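Visitor: One structure, as C-alpha cells, below. Some questions next.
The values are calculated or read from the model by the stated rules, or taken from the named source; none is laboratory data. Note that the structure is predicted; figures quoted are calculated from it, not measured. Neighbour counts are summed over all protein chains in view; Cβ atoms, including those assigned to glycine, are modelled from backbone coordinates with ideal geometry. Surface areas here come from the heavy atoms of the whole protein model, side chains and all, with no ligands, DNA or RNA. Shrake-Rupley method; radii C 1.70, N 1.55, O 1.52, S 1.80 Å.
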Amino acid sequence: MLFKSLEFKNAYGQKVKIIEIPVLEEENTYRFMVQLRLEAFIAKVYRSRTSRSVYSFREHLKKVLKWPVYEQIFKETVLKHNA
C-alpha cells in the first residue's frame, strides 16, 4: 500500500505534518469515506493549538473506524515465501 503525507501551517503559524495517508484506487469503495475523514481531520488539526507537529492519519482512523472497515482499508497482501 502506498502512503502520502501532507505538510502545512496551522491557523497559529505552527508547521504541522500529517503522515500515513493511504492512497486508494479510484474504484475502491472506501475512497470517498477516507477522503471525507481526511478533510475533517485536516480541519481539526488546522484549528488545534497543541504543540504536536506530526500527526498520523492511520492512528486517527484506527480510533474512529470500526475494526473490520479499518482492516479492509489497510489490508496487507501477504507475499508467498517472503518474496
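Visitor: Taking the options 39, 27, name whichever one is among the acidic types (Asp, Glu), surrounded by fewer than 11 Cβ atoms within 10 Å (Cβ to Cβ) and part of a helix (DSSP H, G or I).
Guide: 39
Visitor: Follow-up question, since we're still on this one. Criterion first (surrounded by fewer than 12 Cβ atoms within 10 Å (Cβ to Cβ) and small (Gly, Ala, Ser)) does residue 51 satisfy it?
Guide: The answer is yes for residue 51.
Visitor: Select from region 54-78 the residues that are open to solvent by 40 Å² or more (accessible area, probe 1.4 Å), touching a Lys or Arg at 6+ places or on another chain (Cβ under 9 Å) and either farther than 22 Å from residue 2 by Cα or part of a helix (DSSP H, G or I) (or both) and list them in ascending order.
Guide: 64
Visitor: Then there's this: What's the number of the only condition in (1) part of a helix (DSSP H, G or I); (2) under 11 Å from the mean Cα position of the chain (by Cα) that residue 81 fails to meet?
Guide: Residue 81 satisfies all of (1) part of a helix (DSSP H, G or I); (2) under 11 Å from the mean Cα position of the chain (by Cα) except (2).
Visitor: While we're looking at this one, here's another question. Exactly one condition in (1) out of contact with any Ser or Thr (no Cβ under 8 Å at 6 or more places or on another chain); (2) open to solvent by 50 Å² or more (accessible area, probe 1.4 Å); (3) in a strand (DSSP E or B) is not met by residue 8; state its number.
Guide: (2)
Visitor: Among the numbered criteria (1) in contact with a strand residue (DSSP E or B) (Cβ under 9 Å, 6 or more places away or on another chain); (2) modelled with pLDDT of 95 or more, which single criterion is violated by residue 23?
Guide: (2)
Visitor: Which condition does residue 16 not pass, out of (1) surrounded by 12 or more Cβ atoms within 10 Å (Cβ to Cβ); (2) assigned to a helix (DSSP H, G or I), if it passes all the others?
Guide: Among (1) surrounded by 12 or more Cβ atoms within 10 Å (Cβ to Cβ); (2) assigned to a helix (DSSP H, G or I), residue 16 violates only (2).
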